[in-house]
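For reference, the structure discussed in these notes is given below.
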Amino acid sequence: MQTRQTRLSPPRAHQSARSVVEDLLRAALAAADPAAAVAATVEREGHWLHVGRRVYDLRRGRVVVVGAGKAAAPMAVALQRIPGLALAAGLVVVKDGHGAPTARVAIREAAHPLPDERGVRATRALLDLVADLGPDDLVLCVLSGGGSALLVAPAPGVTLADKQQVTDQLLRAGATIGELNAVRKHLSAVKGGQLARAAAPAQVACLIISDVVGDPLDVVASGPTVPDPTTFAAALAVLRERGLLASAPPAVIARLEQGAAGHLPETPKPGDPLFERVENVLVATNAEALDAAADRARALGFHALVLSASVEGEAREVGRVLAALAREEAARGRPAPLPACLLAGGETTVAVRGEGLGGRNQELVLAAALALEGLPAERAVVASVATDGGDGPTPAAGALADGGTVARAAALGLDARAALRGHDSHPLLKAVDGLVVTGPTRTNVNDVMMVLAWPDAQETRSSVG
């Protein structure tokens, strides 16, 4: 990891607090490794291919690979490496900088989180690839977080600019991924089960790495191979509840209103016979990453406890809660005995106001730093990191802070409270060496949040004496 090894003086560990955070993060990322997840799920045995609960006869037709997401390239590479599996063709769409060397699968890069014309062209080529498949052919689909922005096929009457604008508005309004995707599905010709519809009558086996709280498969990458339980009316309600009916593009409002009135066909729903030929398999999750981090923490001598893999809410509020847990650990050694490692996962949101630079994890950590102010720096640390390596429009994956972070910032002339008010966490955390930088990890299973706490060194020495 591209991080500086600043020592924060934990008295009961041989590693610095930063290196513990990085160590646990490496364990979490290894558990979410895309290639390993695919290799553990797909197996060829003679002319049979085992994927999840189904078995496919490789003698009967062609095998093509399609997909999208930040982890799609290594997932495609893993399929290429299956001995004896002959791929006829393939195309996956990835975020800029997330490619990998492939032979039979074309890698197309496009913009994220706002879609661009490259994504439109790549998605058009992907749909052309599956358009002429027959009932004996097999589509191996690989999907991960980021797929919603990368699979771009605007519905009739809606332009790419319309989709870009409403996506940006929803992100700035703090919409959840479920809300965002409910809208995007109904502005698309590929999301919400429509890729499965386009590939019919071919069989489809889709391998999915979840970046969504609770792992609902219809939400990951907007569920292009999954029945869509959302409706035009639900998408319209999202814009209403987020206060965007007056400012969203007119073409978006018109399409959603027409669909809600029953004048446009819905996305394919649960129970549609289309999905009898589709198998969706979850291959990596946030919960598995947290469990791996907890195991590593125990090996380092911590009492580890996974609190939840379903954390949502405003980032700064979650940061305050984690800081409260850190203070409880330092003062009373609960809910886990000291030294303690509390782990949580999920995805917070930020309702952005102003032009500050940061991301949800950095904002969470800055809020935690303010709530930890005055606690001895060696007693506790709060960290939060995006497993895809990108936290907002910054080069950082996340950050860590302790009870001295605010004072260190003040010594540099930086006001932590003003930075939090302005959603400007990145410059301050960079200045105090609080950033965690990993570069693209090529996986995505939400965020990993950590509370590390150690006994008071002086009290420990007194009790021993």
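Computed from the coordinates by the stated procedures, all read-outs in this text should not be read as laboratory data. Predicted model only: the values in this text are computed from it and were never measured. Counting neighbours? That spans all protein chains shown, and the Cβs are built from the backbone with ideal geometry, glycine included.
Would you mind counting up the charge near Leu170? Only other residues with Cβ under 10 Å from its Cβ, with Lys and Arg at +1 and Asp and Glu at -1.
Summing Lys and Arg as +1 and Asp and Glu as -1 gives +1.
Strictly over 19 Å apart at the Cα level, which of Lys95/Lys430; Lys185/Lys269; Lys163/Lys269 would you flag in this model? Working shown, then result.
Details: Lys95/Lys430 25 Å; Lys185/Lys269 12 Å; Lys163/Lys269 23 Å.
The answer is Lys95/Lys430; Lys163/Lys269.
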Going by amide H atoms built from the backbone, whose H comes under 5 Å of the H on Gly313, apart from near neighbours? Thr349
Check the chain for me: any Cys whose beta-carbon has no other cysteine beta-carbon within less than 4.7 Å? Cys341
Rounded to the nearest 500, the 222 nm mean residue ellipticity computed for the chain from DSSP H runs (n ≥ 4, each -39500 (n - 2.57)) alone is -11000 deg cm²/dmol
Quick one: 3J(HN,Hα) in Hz for the stretch 35-43, Karplus 6.51/-1.76/1.60 with θ = phi - 60°, rounded, Gly and Pro as x. 5, 5, 5, 5, 4, 7, 10, 10, 9
Would you calculate the separation in nanometres between label points at Ala161 and Glu43, each defined as 7 Å from the Cα along the Cα-to-beta-carbon direction? 5.4 nm
Report ³J(HN,Hα) in whole Hz for each residue of the stretch 290-303, in order, from the Karplus equation J = 6.51 cos²θ - 1.76 cosθ + 1.60 where θ = phi - 60°; Gly and Pro get x. 5, 4, 5, 5, 5, 4, 5, 4, 5, 5, 8, x, 8, 7
5 Å is the cut-off here: which amide hydrogens, built 1.01 Å from N in the peptide plane, fall below it relative to Ala71, excluding neighbours closer than 5 in sequence? Ser144, Gly145
Would you please give the residues with an amide H less than 5 Å from that of Arg62, counting only those at least 5 places away or on a separate chain, with H modeled from the backbone geometry? Asp137, Leu138
FRET efficiency, 1/(1 + (r/R0)^6) with R0 45 Å, evaluated for Ala411 and Ala233 via beta carbons: 0.25
Relative contact order for the stretch 102-244, counting Cα pairs under 8 Å that sit 6 or more residues apart, in percent: 30 percent
Take the alpha-carbon centre of the stretch 351-425, take the same for the stretch 256-285, and report the distance between them in whole Å. 40 Å
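Given Cα pairs under 8 Å that are at least 6 residues apart, what percent is the relative contact order of the chain?
Details: 1117 pairs, mean separation 77.1, N = 465.
It rounds to 17 percent for the chain.
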Net charge around Ala294, counting only other residues with Cβ within less than 14 Å of its Cβ (Lys, Arg = +1; Asp, Glu = -1)? -1
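Counting only DSSP beta bridges with both residues in the chain, tell me the antiparallel percent, nearest 5.
Working: 30 of 65 bridges.
The answer is about 45 percent antiparallel.
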Once both labels are modelled 7 Å past Cα along the beta-carbon direction, what's the Ala89-Leu245 spacing in nm? 4.5 nm
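Set the Förster radius R0 to 25 Å, insert the Cβ-Cβ distance between Ala30 and Arg53 as r into 1/(1 + (r/R0)^6), and round the FRET efficiency to 0.05.
Details: r = 26 Å, r/R0 = 1.04.
The value I calculate is 0.45.
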Quick one: angle between helix 315-332 and the longest Cα principal axis of the chain, in degrees between 0 and 90, rounded to 10, please. 40 degrees
In 20 Å bins starting at 0, how do the alpha-carbon pair distances of the chain split up by percent? 25, 51, 22, 2
Just grab the label-to-label distance for Ile82 and Ala324, each label 7 Å out from Cα along the Cβ direction, in nm (one decimal). 4.8 nm
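Any idea what diffusion coefficient the stretch 285-413 gets from Stokes-Einstein, in µm²/s, Kirkwood Rh on alpha carbon pairs, 4 °C, 1.567 mPa s?
The estimated diffusion coefficient comes to 86 µm²/s.
Mind checking the dipole of the chain: about its Cα centre, +1 per Lys or Arg Cβ, -1 per Asp or Glu Cβ, Debye to the nearest 20? Display every interim value, and only then the final one.
On the way: 46 positive and 49 negative charges, 92 e Å.
Here the chain has a charge dipole of around 440 debye.
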Taking the Cβ of Arg59 as the center, what net charge do the other residues with Cβ under 15 Å away carry, scoring Lys and Arg +1 and Asp and Glu -1? -1
For the stretch 210-293 (alpha-carbon point model, no solvent) the Debye-based log₁₀ I(q)/I(0) at q = 0.14, 0.17, 0.21 Å⁻¹ works out to -0.65, -0.84, -1.02
So what J values fall out for the stretch 52-63 if you push phi through Karplus, 6.51 cos²θ - 1.76 cosθ + 1.60 with θ = phi - 60°, rounded to Hz, Gly and Pro as x? x, 8, 10, 10, 10, 8, 6, 7, 8, x, 7, 10
